[in-house]
């Protein structure tokens, strides 16, 4: 099964422009297949990889690190320790961001509690 760039964009939530950029910038595992007429055809495997790199980007992984990770995966077996180190470092950064956001949320919840109490007292 394969998908046009419009279908891949719809399924991934990315724009066609972003999909072309990811391909051009070396973020995909393989070159995207082309139809006889030259149109891009994305496979289920392509879309699964795009979903992963979208998650990495959404959690703040820089493009250069996504590119490095993709290159490691493309290189095949033998570099698993390097892949692991890259993902563990990214996970640690995400955990730190999550802790910071959680602290901000607690402060907001505290203020909400104060205002809820004042609104209750006023009524």
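The values are calculated or read from the model by the stated rules, or taken from the named source; none is laboratory data. Everything quoted here is computed from the prediction, not taken from an experiment. Every residue, glycine among them, receives a Cβ derived from its backbone with ideal geometry; neighbour counts consider all protein chains shown.
So which residues in segment 1-18 are touching a residue at least 24 places away in the same chain (Cβ under 8 Å) and either surrounded by 11 or more Cβ atoms within 10 Å (Cβ to Cβ) or within 23 Å of residue 91 (Cβ to Cβ) (or both), if there are any at all? Across segment 1-18, the qualifying residues are 2, 3, 4, 5, 7, 8, 11, 12, 13, 14. Taking the criterion of being touching a helix residue (DSSP H, G or I) at 6+ places or on another chain (Cβ under 8 Å) and more than 21 Å from residue 22 (Cβ to Cβ), the only residue of segment 80-104 that qualifies is 82. When we screen 109, 33, 77 for residues that are farther than 16 Å from residue 18 by Cα and modelled with pLDDT under 95, the only hit is 33.
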